[in-house]
Amino acid sequence: MSVKNITKYSFKDIFSISTVLFEEACTIDHSTQQNNYTIYWIKEGSGIYNIDFEQYEFTDNVLFFLSPGQVFTVDTEQIKTAYKLSFKRDFYCIQTHDAEVACNGILFNNIYETPFVKPCEKDTQKLNFIIESLIDEFQQNETAQYDMLQSYLKQFIINSVRIKKENHTLKEDSDTRLFKDFSLLVEQNFKTMHTVTEYAKRLGLSPKSITKHFQKLGKKTPSDFIKTRILLEAKRLLIYTDKSVKEIAFELGYNDPAYFSRFFTKAIAKSPLQFKKEY
C-alpha cells in the first residue's frame with residue numbers, strides 16, 4: 001500500500017491506524033517484511049497480495065492478518081476505502097487473553113491457515129463502530145488513553161475471531177488438537193529439530209500415529225509440514241538478510257551447507273542463490 005493519500009493516527013509508535021479514502025491504483029513493486037502485527041481491512045477495492053510467497057486474490061470487504069516476519073508483496077491493488085491497524089507485541093501480546101484472541105491464536109502467527117476473513121454486513125457495522133471509536137480516541141488526550149486504545153483493539157480482534165469461526169468450521173476433535181500441538185512445536189523448534197521422530201517423542205506418540213492423524217485431516221505429511229516451515233524461513237532469510245547460504249544453513253540447523261543447498265534446490269527447483277537473485 002503506497003504512503004500517498006493516507007491519514008495516520010499513532011500512539012507512542014506502538015499502535016497506529018491508517019485510513020485510505022480514494023479511488024485510484026495504489027501499488028508497490030517490492031516485498032516488505034512485517035515488523036509489527038498488522039491488520040489490513042480492505043472495505044472497498046480489489047487486488048492480489050502475496051503473503052509468505054502464497055498468492056491471494058480479493059474483492060471488497062476482506063480482512064488480512066499479518067505477523068512479524070511474514071513477507072508481504074502487493075501484486076496489484078485498486079483501493080477505494082481501507083484501514084491498516086499496526087501494533088507492536090508489547091502493546092497487545094503481553095496481556096493475558098483468551099487463547100483464541102491472543103497473538104498465537106486463530107488470526108496471527110498461524111502461517112498454516114488462510115490469513116484473511118470476510119465479514120458480513122452485520123459484522124461490518126460492528127467493525128465500523130470500533131474503527132470510528134478508535135479514531136475518535138486517537139484524537140483525544142484523555143486519561144488512560146493507552147487502556148482505551150488497547151480495549152478497542154481487543155474488541156476488533158475478538159469480532160474478527162468470531163467472523164473467522166463462523167465462516168470456517170474450526171473442529172476441536174483429537175486430530176485437530178494434535179495438529180495444533182504439532183504446528184506449535186514445529187514453530188518453536190524447526191531450526192533444531194528436522195525429523196518427525198523428534199516431534200513424535202515430544203508428543204508421546206509414534207511417527208506413524210501422527211501421520212495417520214494428518215491423513216484424517218487431509219493435511220500434507222508431517223515430514224512435508226516440517227520441510228515447508230524450514231523452506232519458508234530460508235526464503236525469508238535469503239531475501240531480507242545479507243547472510244550467506246552457509247550462514248543460513250547453520251542458522252536453520254544444517255551443519256553441511258552443501259546438503260542444505262541440495263535440499264533447497266530439490267524443493268524449489270532453484271538454488272538458494274538463484275532464488276535470491278530472481279525474487
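General observations
- Cα long-axis angle, helix 121-138 against the chain (0 to 90 degrees, to the nearest 10): 70
- DSSP loop GluC sites (Glu not before Pro) with at most 15 other Cβ within 10 Å: longest gap in the chain: 1-112
No value in this document is a laboratory result; all are computed from the given coordinates. In this text, all values refer to a predicted model and were calculated from it rather than measured experimentally. Neighbour counts run over all protein chains shown; Cβ positions are idealised from the backbone, glycine included.
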